[in-house]
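Some notes on the structure that comes next.
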Amino acid sequence: MKTLSTGVKQDKMGVTGSLLANLQNETSDIDFIVYGKSWFTARTFWRRQKDEKDPITEISEEMCRDI
């Protein structure tokens, strides 16, 4: 399986989002997920990206409760 520039193998990655929970709206996006221990590698990569680029926003407390 191919390892991406993030250091995470493709078979450890997935996609989900509000559409699956029927919570989508006009500003909905796609959520990438990483399985298992590869999550730590991805977290390190995204922390670096967050520091270098625009801030990554978190979901609201209300949305978290809905999910």
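The values are calculated or read from the model by the stated rules, or taken from the named source; none is laboratory data. Since the model is a prediction, treat every value here as computed from it, not as a measurement. Every residue, glycine as well, gets a Cβ built from its backbone with ideal geometry; the counts of neighbours run over all protein chains shown. Heads up: the accessible areas ignore ligands, DNA and RNA and are worked out on the full protein's heavy atoms, side chains in. Shrake-Rupley method; radii C 1.70, N 1.55, O 1.52, S 1.80 Å.
How about region 11-50: which of its residues are aliphatic (A, V, I, L, M) and closer than 24 Å to residue 66 by Cβ?
Hits for region 11-50 are 15, 19, 20, 21, 23, 30, 33, 34.
Take the residues in region 1-16 that are within 11 Å of the chain's Cα centre (by Cα) and surrounded by 10 or more Cβ atoms within 10 Å (Cβ to Cβ), then tell me which one is nearest to residue 63 (Cα to Cα).
First pass over region 1-16, keeping only residues within 11 Å of the chain's Cα centre (by Cα): 13-16.
Among the residues that remain, those that are also surrounded by 10 or more Cβ atoms within 10 Å (Cβ to Cβ) are: 13-14, 16.
Numbers: 13: 23, 14: 21, 16: 15 Å.
Only one residue fits best here, namely 16.
Taking region 17-37, which residues are open to solvent by less than 80 Å² (accessible area, probe 1.4 Å) and closer than 15 Å to residue 63 by Cα?
17, 18, 21, 23, 25, 28, 31
Looking at (1) open to solvent by 80 Å² or more (accessible area, probe 1.4 Å); (2) among the hydrophobic types (A, V, I, L, M, F, W, C); (3) in contact (Cβ under 8 Å) with a residue 24 or more places away in the chain, which is the one condition that is false for residue 40?
Every condition holds for residue 40 apart from (3).
Could you count how many residues in region 14-45 are assigned to a helix (DSSP H, G or I), among the hydrophobic types (A, V, I, L, M, F, W, C) and farther than 21 Å from residue 1 by Cα?
Of region 14-45, the ones assigned to a helix (DSSP H, G or I) are 18-21, 38-45.
Among the residues that remain, those that are also among the hydrophobic types (A, V, I, L, M, F, W, C) are: 19-21, 39-40, 42, 45.
Next cut, farther than 21 Å from residue 1 by Cα only: 19-21.
Qualifying residue count, region 14-45: 3.
Among the residues of region 1-17, which ones are of a type in the set (D, E, K, R) and either in contact with a His (Cβ under 9 Å, 6 or more places away or on another chain) or modelled with pLDDT under 75 (or both)?
Within region 1-17, the subset of a type in the set (D, E, K, R) is 2, 9, 11-12.
Answer for region 1-17, where residues must be of a type in the set (D, E, K, R) and either in contact with a His (Cβ under 9 Å, 6 or more places away or on another chain) or modelled with pLDDT under 75 (or both): just 2.
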